[in-house]
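Inspection log for the structure reproduced underneath, given as structure tokens.
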Amino acid sequence: MTDLLEPRAIGQALVRRDGEAKVRGTATYAYETPVEDPAYCHPVQATIARGRVTAVDTTAAAALDGVLRILTPFDAERLASTEDAEYAVLQSPEIAFRGQLVGVVIAETSEVARQAADAVVVTYAEQEHDSTLAVDRDDLYAPEQVNAGHETDTAEGDVAAAMATAEVSIERTYSTAMYHNNPLEPHATTALWDADAQFLTLWDSTQGVHPDRAAVCEVFGLDQEQVRVVCPYVGGGFGSKGRPHANVMLAAMAARALPGRPVKLALTRQQMFFLAGYRTPTIQQLQLAADRRGRLQAIAIDVVEQTSRIKEFAEQTGVPTRMMYAAPNRRSTHRLAALDVPVPSWFRAPGECPGMFGPEVAMDELAEELGIDPVELRIRNEPEVDPETKKPWSSRNLVRCLREGAERFGWADRPRGRRDGDWLVGYGVASSVYPTMRQATSTATLRFEDGRYVAEIGAADLGTGAWTILPQITADALDVDVADVEVRIGDTRYPTASVAGGSSGTNTWGSALVVAARAFRDKFGGSPADGDEVSGDVDQAAKDDAHAPYAFGAQFVEARVHADTGEIRLPRLLGVFGVGRVVNPRTARSQLIGGMTMGLSMALHENSVWDPRIGQVANHDLAEYHITVNADVGEIEALWIDEHDPYVNVMGTKGIGEIGITGTAAAVVNAVHAATGVRVRDLPVTLDKLLPGLP
Ligand code: MOS
């Protein structure tokens with residue numbers, strides 16, 4: 001237990017420090033970094049889903065005016081490590097998925113590079129591919145562990161016995177679609193090797209300059225001192241820039257072919273659907289058993305999902321079911337199909353996002369079966385300790401969030417299939433959850449310079465607010481005015497920082513900054529001299545292992561479904577969250593409503609439509625891959641309760657980047673069901689799934 005920082009700057013809705021530069025267009029993003037005489041790259045992608053490249057004819061492409069170099073699997077440099085097959089670009093003629101990199105053109109302009117890439121003639125020996133995910137495949141396997149190091153399977157008690165003997169039980173299958181992250185800024189890199197190809201600078205759009213550098217060093221066999229990664233601003237990532245993808249290695253490789261000359265590579269929106277990661281589709285088989293009063297006797301989830309043949313990524317979809325509710329008999333399993341598909345990866349709340357869909361709809365179905373209010377059903381199953389670890393919660397305010405949300409939303413007077421003119425109206429609810437994480441590495445330096453406190457740490461701001469809130473934390477730890485504190489981020493020249501992932505950034509970097517600030521005060525007191533400097537490391541910050549730390553929330557949705565056309569409108573979304581202490585209400589609200597909007601998007605709009613005949617996403621652009629826009633959102637409100645958690649970290653923060661997207665899709669499905677009586681168990685909820693069942 002720690003004494004939380006005395007909040008002064010913390011809690012203020014300060015405006016974004018990077019806001020003006022962004023609004024004025026002076027914030028430089030990776031691709032637009034001003035460099036002298038850049039060359040431009042365009043990737044060449046495989047047009048088969050499985051097989052091998054037998055020949056590449058570059059004659060016509062090379063003849064185009066302005067083409068500088070063309071690299072193919074037959075002549076590209078050999079990399080130091082090919083262990084990570086996603087990063088082993090142009091190292092082998094084998095093709096493991098459609099759209100895989102088979103070449104790159106470097107030219108004087110991006111237009112010529114693109115034209116030349118089109119003119120490269122690749123010949124293949126094509127093999128049958130297999131890219132269809134199904135629960136009854138005979139080659140499903142259990143990964144050694146699932147993402148974030150969780151156990152693949154867990155079991156306690158006897159679910160089958162409880163299902164057989166319980167007063168009420170339900171067994172249902174739910175599925176979520178394939179989703180692509182689609183940040184506004186595409187994956188982009190400006191790469192420059194010095195003239196003797198000994199030092200590499202990457203201006204790369206990334207969620208972590210140090211993890212990015214580490215991956216590049218591994219692949220190219222370089223020392224950390226030989227690479228600098230710079231990334232002050234990011235136009236979103238949602239996990240897809242949490243680890244580099246093949247495009248970063250390709251940019252570094254292309255630049256090494258032209259030492260001394262900067263090279264730029266930005267993926268097109270279409271290319272992002274092959275090369276930048278995505279969320280696996282999931283199939284979730286749920287079992288719930290309960291007594292007549294709604295006390296759960298069993299809860300089980302068996303998940304089937306996909307990975308690529310060349311690299312495993314196992315989304316931890318079953319993980320939230322392990323700890324949400326108090327059932328004595330529990331089971332969770334994950335099985336994967338390794339298919340001829342692109343490499344899946346992190347997408348906002350990996351695990352918790354899809355994993356709060358099936359269970360939270362199942363709870364609604366159980367509530368209906370029992371005739372119990374779904375808010376009340378959740379409250380009746382509130383566990384006193386973490387059912388999995390048996391540790392007490394650091395703080396768990398799900399019930400408060402449910403009650404406060406219900407009150408504010410008007411839940412007690414909810415319409416059930418009420419007709420309002422041509423529209424059917426219903427309300428839905430679901431819970432949200434996200435673990436509170438802190439990474440093991442991150443260091444900050446703090447220096448007194450020209451009458452101000454300047455901290456440096458290689459952190460990242462994806463648009464989330466780190467530029468603004470890290471000074472707030474540092475100022476409170478120093479007990480000075482926030483205007484006197486500057487925190488510099490986004491460069492490997494600053495001390496090592498962890499990835500902006502797992503909603504852990506503030507918890508981790510903030511802890512390191514507080515350690516540095518306290519060391520600074522201890523050493524130099526209140527009137528430091530110019531140049532006084534200390535550093536602080538997150539591993540010196542108090543760490544509690546005795547509690548289970550999670551953020552919780554409750555989301556409420558009003559659905560209106562047109563009785564004749566099935567058109568769905570969601571005029572109101574309300575989320576009430578218990579996320580620890582909020583450092584900046586302005587940036588926090590933006591994270592929470594951003595997450596909720598993305599959850600709405602998952603529920604109604606987003607869907608990477610897989611064409612198994614050719615093995616690719618058919619709708620691989622923003623014309624066809626629909627993302628919720630302003631016009632799709634009515635009133636959307638995110639609130640938080642006053643939560644004081646002395647166990648998570650000295651700031652009392654739990655992380656807010658991801659919890660907003662968890663549970664939303666279930667609340668939407670539950671609301672649509674309340675409105676229409678139609679239960680859609682397969683996302684997204686589109687009108688073709690509603691029309692046959694409308695009253
Ligand atoms: Mo987030 S998907 O952990 O970057």
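Kindly check whether there is at least one residue in region 637-644 that is at pLDDT 95 or above, more than 21 Å from the chain's Cα centre (by Cα), buried (at least 18 other Cβ atoms within 10 Å of the Cβ) and farther than 23 Å from MET272 by Cβ. Checked region 637-644: at least one residue is at pLDDT 95 or above, more than 21 Å from the chain's Cα centre (by Cα), buried (at least 18 other Cβ atoms within 10 Å of the Cβ) and farther than 23 Å from MET272 by Cβ. Filtering region 179-221 to residues that are hydrophobic (A, V, I, L, M, F, W, C), outside any helix (DSSP H, G or I), touching a residue at least 40 places away in the same chain (Cβ under 8 Å) and surrounded by fewer than 21 Cβ atoms within 10 Å (Cβ to Cβ) leaves LEU184, ALA195, ALA197. Restricting attention to region 343-371, the residues that are in a loop (DSSP other than H, G, I, E, B) and surrounded by 18 or more Cβ atoms within 10 Å (Cβ to Cβ) total 11. Going by the conditions given, is ARG348 among the charged types (D, E, K, R), farther than 19 Å from VAL576 by Cβ and within 16 Å of the ligand (Cβ to nearest atom)? Yes, satisfied. All told, ARG243 meets the bar of being charged (D, E, K, R), closer than 29 Å to PRO34 by Cβ, part of a loop (DSSP other than H, G, I, E, B) and in contact with a helix residue (DSSP H, G or I) (Cβ under 7 Å, 6 or more places away or on another chain). Of all residue pairs spaced 6 or more apart or on separate chains, those with beta-carbon atoms under 6 Å, a first member in region 295-317 that is more than 30 Å from ALA166 (Cα to Cα) and in a strand (DSSP E or B) and a second member that is among the aromatic types (Phe, Trp, Tyr) and modelled with pLDDT of 95 or more are THR307/PHE313. Restricting ALA497, ALA475, ALA519, ALA455 to residues that are within 16 Å of the ligand (Cβ to nearest atom), over 30 Å from VAL361 (Cα atoms) and in contact with a strand residue (DSSP E or B) (Cβ under 8 Å, 6 or more places away or on another chain) narrows the list to ALA497.
Remark: pairs (first residue in region 94-111, at positive phi and free of Cβ contacts under 8 Å to residues at least 40 places away in the same chain; second residue charged (D, E, K, R) and crowded, with 24+ Cβ neighbours inside 10 Å; Cβ separation under 9 Å; 6+ apart in sequence or on different chains) are absent. If the condition is being in a loop (DSSP other than H, G, I, E, B) and either within 16 Å of the ligand (Cβ to nearest atom) or not aliphatic (A, V, I, L, M) (or both), then region 522-549 contributes GLY525, GLY526, SER527, PRO528, ASP530, GLY531, ASP532, LYS543, ASP544, ASP545, HIS547, PRO549. Just one of the listed residues (ALA214, ALA255, ALA246) is within 21 Å of THR28 (Cα to Cα) and more than 16 Å from the ligand (Cβ to nearest atom), and it is ALA255. Of the residues ARG419, ARG396, ARG400, ARG447, only one is surrounded by fewer than 22 Cβ atoms within 10 Å (Cβ to Cβ), in contact with a Phe, Trp or Tyr (Cβ under 8 Å, 6 or more places away or on another chain) and in contact (Cβ under 8 Å) with a residue 12 or more places away in the chain; which? Of the residues listed, the single one that is surrounded by fewer than 22 Cβ atoms within 10 Å (Cβ to Cβ), in contact with a Phe, Trp or Tyr (Cβ under 8 Å, 6 or more places away or on another chain) and in contact (Cβ under 8 Å) with a residue 12 or more places away in the chain is ARG447.
For region 538-576, filtering for residues that are surrounded by 18 or more Cβ atoms within 10 Å (Cβ to Cβ) and over 29 Å from THR676 (Cα atoms) leaves 7.
Matching residues to (1) crowded, with 24+ Cβ neighbours inside 10 Å; (2) hydroxyl-bearing (Ser, Thr, Tyr):
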| position | (1), (2) |
| --- | --- |
| ALA430 | yes, no |
| MET437 | no, no |
| LEU470 | yes, no |
| THR474 | yes, yes |
| ALA483 | no, no |
| TYR494 | no, yes |
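Highlighted here are the strands (runs of 3 or more DSSP E) found entirely within region 372-471 that include at least 1 residues which are at pLDDT 95 or above and closer than 19 Å to ASP645 by Cβ: 423-435. Just one of the numbered conditions (1) without any contact (Cβ under 8 Å) to a residue 40 or more places away in the chain; (2) within 21 Å of the chain's Cα centre (by Cα) is not true of ALA276: (1).
Here TRP467 meets each of (1) more than 20 Å from ASP18 (Cβ to Cβ); (2) touching an Asp or Glu at 6+ places or on another chain (Cβ under 6 Å); (3) away from the ligand (no atom under 16 Å from the Cβ) with one exception, condition (1). Consider TRP393 against the criteria (1) within 16 Å of the ligand (Cβ to nearest atom); (2) within 27 Å of ALA542 (Cα to Cα); (3) not polar (S, T, N, Q): it satisfies all of them except one. Which criterion is unmet? TRP393 satisfies every listed condition except (1). Consider region 496-511 and keep the residues that are in a loop (DSSP other than H, G, I, E, B) and of a type in the set (Val, Ile, Thr). The one that is surrounded by the fewest Cβ atoms within 10 Å (Cβ to Cβ) is THR496. The strands (runs of 3 or more DSSP E) located wholly in region 1-118 that include 1 or more residues which are acidic (Asp, Glu) occupy 51-57.
Selection of region 585-616 for residues being over 24 Å from GLU352 (Cα atoms) and either modelled with pLDDT under 95 or crowded, with 21+ Cβ neighbours inside 10 Å (or both) yields GLY615, GLN616. All of (1) more than 16 Å from the ligand (Cβ to nearest atom); (2) surrounded by 24 or more Cβ atoms within 10 Å (Cβ to Cβ) hold for VAL579 with one exception: (1).
Summed over region 556-577, the residues that are within 18 Å of ILE661 (Cα to Cα) and out of contact with any Leu (no Cβ under 7 Å at 6 or more places or on another chain) give a count of 3.
Filtered by the rule that a residue be surrounded by 15 or more Cβ atoms within 10 Å (Cβ to Cβ) and either under 30 Å from ILE106 (Cα atoms) or not β-branched (Val, Ile, Thr) (or both), region 127-140 gives HIS129, ASP130, SER131, LEU133, ARG137, LEU140. Report yes if ARG261 is assigned by TED's automatic domain parsing to the domain that holds GLY599 and at pLDDT 95 or above, otherwise no. Here the answer is no, as ARG261 does not meet what is asked.
The values are calculated or read from the model by the stated rules, or taken from the named source; none is laboratory data. Just so it is clear, the model here is predicted, and its values are computed rather than measured. Here the Cβ is made from the backbone with ideal geometry for all residues, glycine too, and neighbour counts use every protein chain on show.
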